[in-house]
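Enquirer: Let me begin by handing over the structure; questions about it come next.
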């Protein structure tokens, strides 16, 4: 009987070892040059601003190359890293975002739920010093040692207490609805 109990304990320990090594928790960081695009409308034309600068980390349980469970995720983008290619538009955007006081746009995960195509990320999105809960559908792909998360988040500027910018003495008005689209590689 004693030998049978010892054999069972050893078997249980081996099983735990195999499960632990098959699904190891890893910390992944954002690779250089993510694509973060903010797009919207105005009374004159549609517009977009792009940033290729962000920092952050993803703590996940991995199953080989795929993410099995996301334990935490934080992404920060310098607010003045978004550029339209037009200095006047950039200045108006930075003024609306109050970048002199609020230097970053930040997403901090609260809950990640796996879906058939990727993840639903529920977390706090902070823009211009205002934090709101956001649910973001994210597609995950894993290739060549990289895990890519892509998706978009639509919202209204006024949800974050941002007055939509105007130009040319108020004759050109930015629409309230905007969308942030992203492609971020983690390694």
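Laboratory data are not the source of any read-out in this text; all were calculated from the coordinates shown. Remember, predicted model here, so these are calculated numbers, not experimental data. All Cβ positions, glycine included, derive from the backbone under ideal geometry; neighbour counts span all protein chains shown.
Enquirer: Please give the direction-averaged projected area of the C-alpha convex hull for segment 92-148, in square nanometres with one decimal. Walk me through the numbers before you get to the answer.
Expert: Numbers: hull surface 21.5 nm².
Approximately 5.4 nm², given one-decimal rounding.
Enquirer: Does anyone have the angle between helix 87-97 and the longest principal axis of the chain? Alpha-carbon axes, 0 to 90°, nearest 10?
Expert: The angle comes out near 60 degrees.
Enquirer: Remind me, what semi-axes does segment 56-95 give for its equivalent ellipsoid, largest first in whole Å, using sqrt of 5 times each Cα gyration tensor eigenvalue? All intermediate terms of the calculation are to be shown ahead of the outcome.
Expert: Details: eigenvalues 266, 21, 6 Å².
Value: 36, 10, 6 Å, ordered largest first.
Enquirer: Given the C-alpha centroids of segment 137-172 and segment 28-59, what is the distance between them in whole angstrom?
Expert: When both Cα centres are located, 7 Å separates them.
Enquirer: Per residue of the chain, what 222 nm ellipticity follows from adding -39500 (n - 2.57) for every DSSP H run with n ≥ 4, rounded to the nearest 500?
Expert: Values: 2 runs with 32 residues, N = 187.
About -5500 deg cm²/dmol.
Enquirer: Here's something else I'd like to know. In segment 31-111, what is the volume of the convex hull around the alpha carbon atoms, normalised per residue and reported in Å³? Please list the in-between numbers first.
Expert: Details: hull volume 10.2 nm³, N = 81.
Once divided by residue count, the hull of segment 31-111 is 126 Å³.
Enquirer: Moving on to the next point. Say each of residue 117 and residue 169 gets a label point 7 Å from the Cα, pointing the same way as Cα to Cβ; how far apart are those two points in nm?
Expert: 4.7 nm
Enquirer: Right, here's the next one. If one takes the longest principal axis of the Cα atoms in the chain, at what angle in degrees, from 0 to 90 and to the nearest 10, does the Cα axis of helix 2-22 lie?
Expert: Long axis of 2-22 versus the principal axis of the chain: about 20 degrees.
Enquirer: Which whole-number percent is the relative contact order of the chain (Cα, under 8 Å, 6+ apart)? Can you show the working numbers first?
Expert: Numbers: 405 pairs, mean separation 40.5, N = 187.
Result for the chain is 22 percent.
Enquirer: Could you check how many percent of all C-alpha pairs in segment 129-181 are farther apart than 15 Å? Present the calculation step by step, with values, prior to reporting the outcome.
Expert: Working: 865 of 1378 pairs.
Summing the P(r) tail past 15 Å for segment 129-181 gives 63 percent.
Enquirer: When N is the residue count of the chain, what does its C-alpha Rg come to as a fraction of 2.2 N^0.38 Å?
Expert: Details: Rg = 21.7 Å, N = 187, 2.2 N^0.38 = 16.1 Å.
Taking N as the residue count of the chain, the ratio is 1.35.
Enquirer: Can you pull the three principal axis extents for the Cα set of segment 78-187, in Å, largest first?
Expert: 48, 27, 24
Enquirer: Just rank 99, 29, 141, fewest to most, by other beta-carbon atoms within 10 angstrom. Don't skip to the end; give the middle numbers.
Expert: On the way: 99 20, 29 11, 141 15.
Fewest-to-most Cβ neighbours within 10 Å comes out as 29, 141, 99.
Enquirer: Which part of segment 68-86 falls in the paramagnetic zone of residue 27, meaning amide N under 19 Å from the point 7 Å along Cα-to-beta-carbon?
Expert: Label zone hits: 68-77.
Enquirer: Listing 155, 182 from the residue with the fewest other Cβ atoms within 10 Å to the one with the most, what is the order? All intermediate terms of the calculation are to be shown ahead of the outcome.
Expert: Numbers: 155 17, 182 21.
Result, fewest neighbours first: 155, 182.
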